[in-house]
Amino acid sequence: MISLLQEAATTAVEHSEDAVADAAAHGDAAAHGAAEAVGLPQLDITTFGNQIFWLVITLAVLYWVLSKIALPRIAAVISDRQGAITGDLMAAEEFKQKAKEAEAAYDKALADARAEAGKIVAANRAEIQKELDAAIAHADAEIAARAAESEKRIGEIRESAIGDARAVAREVTAELVATFGGSVDQGAVDAAVDNRMKGALQ
């Protein structure tokens, strides 16, 4: 940096000396005309050397400020921003992957739940059908037993009714025979009643 400033100063001094020599060579008339000329101060050729010197100094300082302070800060900000963007993109991609994995796990859990529910329904259906078949078989057996009991009871009632009817018929027949003045042969009366009732029951 110091060497750059020294070179700039040397160059400015050389240009200043050249300008002074050129002004002296043109004579007093040119110097007098330049002194009386009306215009912008920065266009005065007698100050070109000084202007060039300070221009070089200003550019050097500006370059040093930009290269040492401004540009590193800008580069750091850009780098941080780029890192933040990259991190956000990576986080978004990670969240996207996790969302896909969660969706796949949810679909698998739902499919497993449906399969398990189907198994439970099938098992319950088979169990219910088994219990229903057992209940029907038990009901059929109970109905058959009650029907047999009813048939037996009906048979007993029928036999009892037939016996009662036979006894009544024997008594009535014996009384009728006695009423008409005949002799009552109980054996003949019983045989006649039995034959008559047997024919009626067939």
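The listed residues are 4, 110, 55, and the only one of them that is surrounded by 11 or more Cβ atoms within 10 Å (Cβ to Cβ) and either touching an Asp or Glu at 6+ places or on another chain (Cβ under 6 Å) or modelled with pLDDT of 90 or more (or both) turns out to be 55. Being modelled with pLDDT under 75 and not β-branched (Val, Ile, Thr) is a property that residue 92 lacks. Scanning segment 22-52 for residues that are at pLDDT 50 or above and not in a helix (DSSP H, G or I) yields 39, 40, 44.
The values are calculated or read from the model by the stated rules, or taken from the named source; none is laboratory data. The structure displayed is predicted, hence computed values, not measured ones. All Cβ positions, even for glycine, are placed from backbone atoms using ideal geometry, and neighbour counts span all protein chains on display.
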